[in-house]
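The values are calculated or read from the model by the stated rules, or taken from the named source; none is laboratory data. As the structure is a prediction and not an experimental result, all values here were calculated from the model. Methodologically, a virtual Cβ is constructed for each residue, glycine included, from the backbone with ideal geometry; neighbour enumeration extends over all protein chains shown.
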Amino acid sequence: MATSATHTMTKSELKDLYSFALDLGRKAGKILMDGVDMRCGDSAGRVESKQEEKMNAVDIVTQTDLDVEAFVKAEIMKKYPSHAFIGEETYSSGSSKEYLITSAPTWCVDPLDGTVNYTHLFPMFCVSIAFILNGEATVGVIYQPILDVTYSALSGHGAWQDDGHAWKKRRALPLINNPAPSLSAQAPKGCLFSCEWGKDRRDVEGGNMWKKVNSFVNMAAEIGGRGGKGGMVHGVRCLGSATLDLAYVASGAFDIWWEGGCWEWDVAAGFCILKEAGGLITTANPPPDPMKDPIQEVRLGSRLYLAIRPAGDSEKETGRQAQERVIREVWRRVEGLDYTRPGA
């Protein structure tokens with residue numbers, strides 16, 4: 001659980017840390033691309049990298065995951081030796097599943113989010129680096145190296161696509177802004193719905209995979225279908241990377257993201273970017289009364305997430321009111337997932 005001590009950093013220190021994280025994301029992405037080149041190069045041919053299964057065949061780790069995390073940790077510890085570090089691969093070797101985030105200055109890193117995509121050379125993979133202060137994601141950097149795209153944010157200073165590197169111009173998130181588009185009064189109809197199959201593939205009636213499939217179909221079915229739960233979304237997208245899902249919601253490309261089972265490193269950078277862009281994130285699981293129970297921002301580490309893109313005001317409601325309305329409409333159509341941890 002979070003400790004009670006409060007830690008402070010000056011604006012100048014945070015800006016320096018943000019610049020460091022942006023540069024570190026690119027350096028880490030270079031290691032990922034070196035691994036791609038080794039597999040695709042003319043002289044090397046398609047050399048398969050070492051893979052090991054963790055939970056099952058879709059929960060894997062490659063040597064590249066380990067190499068990138070070791071590099072990122074070493075760079076962070078060299079510059080910020082007093083800070084805590086949480087990385088997917090170093091943490092995964094342990095057995096505790098307690099909440100990981102305290103009030104201490106902490107780096108939370110996924111060296112390769114989308115490992116399965118990486119092994120298949122599908123471009124939806126990235127480096128995810130977050131800095132957390134007093135339990136809040138304060139800096140977020142997501143670098144997608146095969147497309148050379150950066151998503152980033154520093155609390156209080158906006159969220160951005162790209163980082164001014166080379167010829168690329170920074171663009172504020174969401175990409176359509178000033179104002180951001182309002183959410184349709186018929187949403188989720190017409191929305192782009194993002195989700196993931198997840199690593200829990202147990203074929204058990206009432207299990208997480210069955211609940212997800214039912215929820216996906218509810219969101220996609222025609223209005224009036226599925227016992228009135230049909231949402232008629234424009235499409236259902238599964239990127240294979242929770243971190244990129246959140247970046248795409250922050251950009252406005254996705255309207256809705258619904259997922260369970262993510263750990264802190266999967267979402268910490270995306271939390272910062274989405275919130276700074278004006279998005280809203282709450283729990284994936286519907287409360288007893290989805291249409292009336294209060295909507296609260298979710299705790300980092302809860303493992304259950306529902307995110308709504310930034311939204312502008314309309315003539316009838318504010319952007320925040322629209323986001324909350326869409327949350328309730330999603331809750332009405334999805335099933336509660338079972339991803340628990342101690343203290344949750």
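Numerical summary
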{"read-out": "Some residue of the range 168-178 being more than 30 Å from Gly228 (Cβ to Cβ), not aromatic (Phe, Trp, Tyr) and not in a loop (DSSP other than H, G, I, E, B)", "value": "yes"}
{"read-out": "Residue in the range 205-215 that is part of a loop (DSSP other than H, G, I, E, B), surrounded by fewer than 17 Cβ atoms within 10 Å (Cβ to Cβ) and not small (Gly, Ala, Ser) present", "value": "yes"}
{"read-out": "Residue in the range 197-204 that is modelled with pLDDT of 95 or more and crowded, with 19+ Cβ neighbours inside 10 Å present", "value": "no"}
{"read-out": "Test: residue in the range 156-163 that is touching a helix residue (DSSP H, G or I) at 6+ places or on another chain (Cβ under 6 Å), under 25 Å from Gly240 (Cβ atoms) and aromatic (Phe, Trp, Tyr)", "value": "no"}
{"read-out": "Residue among Lys54, Lys27, Lys50 that is within 23 Å of Gly270 (Cβ to Cβ), in the same structural domain as Ser103 (by TED's automatic domain parsing), at pLDDT below 85 and of a type in the set (Lys, Arg)", "value": "Lys54"}
{"read-out": "Exclusive hit being in contact with a Cys (Cβ under 9 Å, 6 or more places away or on another chain) and within 22 Å of Phe271 (Cβ to Cβ), set Ser251, Ser241, Ser184", "value": "Ser241"}
{"read-out": "Subset of the range 283-325 (residues that are modelled with pLDDT of 95 or more, under 23 Å from Thr106 (Cβ atoms) and of a type outside the set (A, V, I, L, M))", "value": "Thr283, Tyr305"}
{"read-out": "Test: residue in the range 287-309 that is of a type in the set (Val, Ile, Thr), under 21 Å from Pro188 (Cβ atoms) and touching a Leu at 6+ places or on another chain (Cβ under 6 Å)", "value": "yes"}
{"read-out": "Residue match in the range 169-177 (condition: of a type in the set (Lys, Arg) and under 30 Å from Ala104 (Cβ atoms))", "value": "no"}
{"read-out": "Met77 being outside any strand (DSSP E or B), at pLDDT 95 or above and out of contact with any helix residue (DSSP H, G or I) (no Cβ under 6 Å at 6 or more places or on another chain)", "value": "yes"}
{"read-out": "In the range 240-277, residue nearest to Pro179 (Cα to Cα) [restricted to those that are more than 11 Å from the chain's Cα centre (by Cα) and among the aliphatic types (A, V, I, L, M)]", "value": "Ala277"}
{"read-out": "Leading residue by the ranking (modelled with the lowest pLDDT) among those in the range 57-74 that are assigned to a loop (DSSP other than H, G, I, E, B) and surrounded by 14 or more Cβ atoms within 10 Å (Cβ to Cβ)", "value": "Val58"}
{"read-out": "Among (1) in contact with a strand residue (DSSP E or B) (Cβ under 7 Å, 6 or more places away or on another chain); (2) under 21 Å from Lys199 (Cβ atoms) - the single one Trp263 does not satisfy", "value": "(1)"}
{"read-out": "Residue selected from the range 221-266 under the condition aliphatic (A, V, I, L, M) and not in a helix (DSSP H, G or I), by the criterion surrounded by the fewest Cβ atoms within 10 Å (Cβ to Cβ)", "value": "Ile223"}
{"read-out": "Residue in the range 114-128 that is at pLDDT below 95 and within 26 Å of Glu297 (Cβ to Cβ) present", "value": "yes"}
{"read-out": "Selection within the range 292-309 - under 21 Å from Ser251 (Cβ atoms) and crowded, with 19+ Cβ neighbours inside 10 Å", "value": "Val298, Leu300, Tyr305, Leu306, Ala307, Ile308, Arg309"}
{"read-out": "Which listed residue, of Asp289, Asp313, is surrounded by fewer than 22 Cβ atoms within 10 Å (Cβ to Cβ), without any contact (Cβ under 8 Å) to a residue 40 or more places away in the chain and not in a helix (DSSP H, G or I)", "value": "Asp289"}
